[in-house]
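Reviewing the structure listed below.
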Amino acid sequence: MSGPGPMPKNIAILLFLLLALPVSGFMAWAMPPYFNVDESNHVMRAETVLRGHVFGSREPDGSSGGFIDEGLLELLSHYWSTLSEPGRVMSAATMADGETVPWSGRTRFVHIPNTAIYPPTLYLPTMAGLWIGKVLDFGVADSIRLARFANIAACLLLFVTALRLAAFGHGPLVAVALWPLCLAQYAACGQDGLLIALSAVYAALMTRAIARQGRSTAAEFIGLALVSLLLSMSRPANLALLLPLLMVMPGRLGRVPGWAMLLPALLMPVAWALHAVLFVQVMQVHGDVVPDLGAQVLHLLSHPLAFPAALVDTLFQWGWPFTIGMLGWIGWSQVNIILPDALYPFYLWVFGLVLAFSAVTPGNQPGWRVKTGMALGLVGTVLAIFLLQYLTFSAVGAGQVDGVQGRYFAPLALLLGLLVPALGDRLPARLHPRFATLTLVLLSFTGILTAVALPHAVTMRVYVTAG
């Protein structure tokens, strides 16, 4: 499994850590609390779980959430005008005041409809950081920073594990792992960073099956089932990623048939999603849009082409903004931190080249059956993302799908390396080291560029403009 390839795993790990640690560490410390996408709601969901609310609660008044310490809301009040008003710049005095907010010890029910539905599993690092902050008598802001660093540790550990396990495709894994969006999400309280890192582990385990001519060992398959379970619990669209597991499934795991391991990975996310829909979820009214799940289902039954038409129109109009969001659109609400326009196509070109170079990795075997299953799983996941947003976040009969975010696709980009055809036997062996060198140069240059551009963009938007 550790034969030579375009990018040796030890070099991949070293390069990743050298470039990811300082940038993600800067983001964890420099981004004001709640300035990452949906971070306030993620922190509050983690706090509700710390207080014993494993399941969110739907109240008679139509709110959905749980009880949190009022200090979290007081801190948010310091930053809310900056987050909610276009062009608003936060003053240095406001920043300083926010740092003094303590944990109050008083609780209040909070309405967090977009995160109340999530399971607690991927909030564990955030919960640990918040809890330690309280024990050490840190303020709310510093407790959130501590939670961010806990999230960084978990994400980077998972990525190092993925790079150690992968039989091939280290270059594409590192390329995506160093995208600005990914670096920012490792350093944010929430699920997205861990969804990205877990997807890397999923990809690594699949490479081992491909290198073994399409068959996983019992341990690898159990790992795939567990990772799939975690991915699907937090994002039900990922259930489609169970399909490739059927292609690498061992006949038996001891006395148990291989398919038995897939049952928990299928049934537990479905059970959680049903519980969320029946007892927790409330439709989020936004602007003039009033979603109605039941009415939308009836509309699709009577107009079966409505969703495909809305999907196509959405992709045509929003395809490039989705791509920018996947690569590196940082911030939340009215605080948008966007890198220079030329960087986004550059990231795509580098990723495409690194994918192409990975075709000569010795571990990359033809495996057309597994790769076809992987392609179908990816397409199914993308379709499920759009369909779920159409059902739960879009107006009834809408001509476009609302609520889809580019960051949803970053975990899926990590799986594209599994689709690369195996060309190692068709190219002269003397070219392989050259591809390794080119991969290393491209990733090093891109990572250094990000290490300069991302902190600069954050500093200019948040600190230089502060009076």
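Here, each number is a calculation from the coordinates, and none is a lab measurement. Just so you know, these numbers come straight off a predicted model, no measurement behind them. Here the Cβ is made from the backbone with ideal geometry for all residues, glycine too, and neighbour counts use every protein chain on show.
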| Other-chain or far-sequence residues with amide H under 5 Å of residue 401's (modelled H) | 314
| note | Proxy exposure order for 47, 70, 85 (fewest C-beta within 10 Å first) is 85, 70, 47
| said: Explain nothing, just compute: Karplus ³J(HN,Hα) = 6.51 cos²θ - 1.76 cosθ + 1.60, θ = phi - 60°, for every residue of the range 398-412 in order, whole Hz, x for Gly and Pro. | reply: 4, x, 9, 9, 8, x, 6, 10, x, 5, 4, 9, 4, x, 6
| Calculated log₁₀ intensity ratio I(q)/I(0) where the Debye formula runs over C-alpha points of the range 1-108, q = 0.10, 0.16, 0.23 Å⁻¹ | -0.49, -0.86, -1.28
| Ranked 233, 460, 95, criterion: other C-beta atoms within 10 Å, fewest first | 460, 95, 233
| note | Expressed as a percent, the portion of alpha-carbon pairs in the range 323-406 spaced more than 17 Å apart is 69 percent
| Once you list every other residue whose beta carbon is under 15 Å from the beta carbon of residue 70, what net charge do they have if Lys and Arg are +1 and Asp and Glu are -1? | +1
| message | How large is the direction-averaged shadow of the alpha-carbon convex hull of the range 175-277, in nm²? | response | 7.4 nm²
| said: Using C-alpha positions alone, give me the convex hull volume of the chain per residue in cubic angstrom. | reply: 150 Å³
| query | Given the rule -39500 (n - 2.57) for each run of at least 4 DSSP H residues, summed and divided by the residues of the chain, what is its mean residue ellipticity at 222 nm, to the nearest 500 deg cm²/dmol? | reply | -19000 deg cm²/dmol
| field | Built amide H within the under 5 Å cut-off of residue 253, gap 5+ | value | 258
| field | Span-like helix ranges in the chain, DSSP H, alpha carbon extent 15 angstrom or more, Kyte mean at least -1.0 | value | 9-30, 39-50, 70-84, 124-135, 140-165, 192-211, 218-234, 262-275, 306-328, 343-357, 368-392, 432-458
| query | Nearest 20 debye, what's the magnitude of the dipole of the chain about its Cα centre given +1 on Lys and Arg Cβ and -1 on Asp and Glu Cβ? | reply | 1940 debye
| remark: Amide H neighbours of residue 112 at under 5 Å, excluding residues fewer than 5 places away on the same chain, with H built from the backbone geometry, are 64, 65, 66
| query | What ranking do 129-135, 345-351 get when scored by the average of other Cβ atoms within 10 Å per residue, highest first? | reply | 129-135, 345-351
